[in-house]
Each structure stands twice: as structure tokens, then as C-alpha cells.
1. Only residues that are of a type in the set (Val, Ile, Thr) and touching a helix residue (DSSP H, G or I) at 6+ places or on another chain (Cβ under 8 Å): list them for segment 1-35, please.
2. Please indicate, with yes or no, whether at least one residue in segment 134-146 is surrounded by 14 or more Cβ atoms within 10 Å (Cβ to Cβ), in contact with a Ser or Thr (Cβ under 7 Å, 6 or more places away or on another chain), touching a residue at least 24 places away in the same chain (Cβ under 8 Å) and on the phi > 0 side of the Ramachandran plot.
3. For the structure I just gave you, tell me whether Leu265 is in contact with a Cys (Cβ under 6 Å, 6 or more places away or on another chain) and in contact (Cβ under 8 Å) with a residue 24 or more places away in the chain.
4. Run down Met72, Met16 and say which single residue is of a type in the set (A, V, I, L, M), surrounded by fewer than 22 Cβ atoms within 10 Å (Cβ to Cβ), on the phi < 0 side of the Ramachandran plot and at pLDDT 95 or above.
5. Regarding Asn67, is this residue at positive phi and polar (S, T, N, Q)?
6. Give segment 153-167 a look and list any residue that's surrounded by fewer than 17 Cβ atoms within 10 Å (Cβ to Cβ) and in contact with a Lys or Arg (Cβ under 9 Å, 6 or more places away or on another chain), or say none.
7. Can you pull out the strands (runs of 3 or more DSSP E) entirely within segment 158-255 that have at least 1 residues that are of a type in the set (Asp, Glu)?
8. Do any strands (runs of 3 or more DSSP E) entirely within segment 46-153 hold 1 or more residues that are farther than 20 Å from Gly209 by Cα and in contact with a Phe, Trp or Tyr (Cβ under 6 Å, 6 or more places away or on another chain), and if so, which?
Amino acid sequence: MKILVTGHKGFIGSHMAQYLIHKGHEVEGFEYVENVVPTVEQYDWVVHCGAISDTTERDIDKVWRHNYEFTMRLLQICDNYQTNIQLASTAAVYGPNRSFNEEDPCYPQTPYAWSKFLIDKFLIDNGIDKFNMLVQSYRYFNVYGPGEGHKADQMSMVSKFQTQAETDGKIKLFKNSDQYKRDIVCVYDLVRIHEEMMHKDVSGVYNLGTSKAVDIQSIAKQIAKHHKAKIEYIDMPDHLKGQYQEYTCADNAKLHNTIPIRHWLTLEEYLKDIVKNAG
């Protein structure tokens, strides 16, 4: 298949492009330019990874133009040419929920989360299976993997802990981190699922997570052990207290019923793979 990947130079987009090429697809990339929408009629699929994904970005107009308006224009042109599209959404649309099913109400808390929520809402309200093409939107949970260095403070906790362990020999961890749990999903699984879903004649909004929540302290300890690093427990900053999400865990039954997933890459397997590839 011929596939266009937007945001192909970013963390997820670069992994997406590389994996699709590995699977034998013809892949081209597109990077966002103000007021420019790519031509899509020559493609079988568009994978729209490009976005302002900084959850701390408070320039609402900037996020709106890049994440919402551009995506809406891209959807329209894909509809015109019957070009299938996959969209990168986020579990942040759920807000402080403790239930994460695609049918659950959403309470987005940031401009980024709102921009993704409104796209999903538009698709659902207008009948996601009534467009002239297949539309698949994926609500990513906590994605980690190699190549996050450019994201700085927006890196996944896995990559942050790895970086600290490698550079400082110690991981800084908030006290009581055993009380906070996250559904972490490796980018290798994410891109594999995207490619497999291209072969399914389905449209929909799907959670993309493992459905297993792991406490943050356990994640840190596993990485510290792997790197022979120490853990330094620190107080949570006042500005995070009351805002630090306690729990995320995808209900992935809808995805699993579409493409049965036999195995999710574990953190231990990922760390071993990094060592093997480095060698």
C-alpha cells in the first residue's frame, strides 16, 4: 500500500514510517506547514501523527490551528478522495476518570486533550462509519520507546527514568509513587497495531493500551535494577499536588475483538531489546 505519514520526523511518526517500510509499504512523509494540506488522492492510507502534543502548551490558538483545524481539513480532503485515515488521539481525553472505555464520558483538562476530544466527538456525532473512507482514531495511553530525547520534559516516564539512570546513576522519584499507576505501551506495539488495522475493513475510535496498570515505583525500580542505578525519593512539587493523575488503564476490549492481541511487549523485554540492539 502507499501510505502518507504526517509528523514523520517526530517520536511516534518516525517509528510509524520505519515500521511501515519494514512491512513492505511505500511510505512518504509530511510535516506541518501553516495553511498547507497535503494532496492525498494517491494514497491508500494517511496516518496522521502530526500534532502539538505538549500537554503543557497553553497557547490555545496555536493548538487549535495545528491540532483541530488542520485535522478537520485533512479529514475533509480524505473524504473527498476516499483515502482511508488513521488518527493519533490520546487517553488524555478522559481526564481524571478511573474508567477508560470508549463509551465513557470524557473530561479533557488541557488544550491538547480538548483538541483531540473534539475531533473524536465530531467523528462519533457524524457517524464514523458513514464517511467515504475508513476512519480509525486511536486513544494512546502512556507510550514509550527510543527516540524521545527531543521531547525533554514531555518524555514518557520510562524514557525519563532511563535517561536519569544512564546520566546520573540515580532516578528521582516522587514519594508515594506506588500509589500512582499507569498503562504503559511500547511504541513497537503501537505501530504494529496500526499496520494490522489497515487490513481491517472497520472504522471506529479505539483505546490503544495494554489494559494493565503498573505502579510508577515498580517501573522505576525495574529500570534502576537494569541500569544498576539508585532511587532518590523526592517530594512532589506543590503545583502538581491534586493534578497528578492517579490511574490510567485502557479498556482495550474493542481493539482486542478486532485484532486479537496475543502479547504486549513488557518493560523487561523492551529493556533487554535495547541492550541487544546496542550490542
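1. Start the filter on segment 1-35 by keeping residues that are of a type in the set (Val, Ile, Thr), which leaves 3, 5-6, 12, 21, 27, 33.
The answer is Ile3, Val5, Thr6, Ile12, Val27.
2. Keep residues of segment 134-146 that are surrounded by 14 or more Cβ atoms within 10 Å (Cβ to Cβ), which gives 134-146.
Imposing the further condition that a residue be in contact with a Ser or Thr (Cβ under 7 Å, 6 or more places away or on another chain) reduces the set to 134-144.
Among the residues that remain, those that are also touching a residue at least 24 places away in the same chain (Cβ under 8 Å) are: 134-144.
Pick out the ones that are also on the phi > 0 side of the Ramachandran plot and you get none.
Among the residues of segment 134-146, not one is surrounded by 14 or more Cβ atoms within 10 Å (Cβ to Cβ), in contact with a Ser or Thr (Cβ under 7 Å, 6 or more places away or on another chain), touching a residue at least 24 places away in the same chain (Cβ under 8 Å) and on the phi > 0 side of the Ramachandran plot, which makes the answer no.
3. On the way: in contact with a Cys (Cβ under 6 Å, 6 or more places away or on another chain): yes; in contact (Cβ under 8 Å) with a residue 24 or more places away in the chain: yes.
It is true that Leu265 is in contact with a Cys (Cβ under 6 Å, 6 or more places away or on another chain) and in contact (Cβ under 8 Å) with a residue 24 or more places away in the chain.
4. Details: Met16 fails: surrounded by fewer than 22 Cβ atoms within 10 Å (Cβ to Cβ).
Only one candidate qualifies: Met72.
5. Details: at positive phi: no; polar (S, T, N, Q): yes.
So Asn67 does not fit the description; no.
6. Asp153
7. On the way: elements: 170-174, 184-186, 204-208, 230-234.
Fully inside segment 158-255 and qualifying: 230-234.
8. Numbers: elements: 84-90, 135-140, 142-144.
Correct list: 84-90.
The values are calculated or read from the model by the stated rules, or taken from the named source; none is laboratory data. It should be emphasised that the depicted structure is a prediction, and the values quoted were computed from it without experimental measurement. Every residue, glycine as well, gets a Cβ built from its backbone with ideal geometry; the counts of neighbours run over all protein chains shown.
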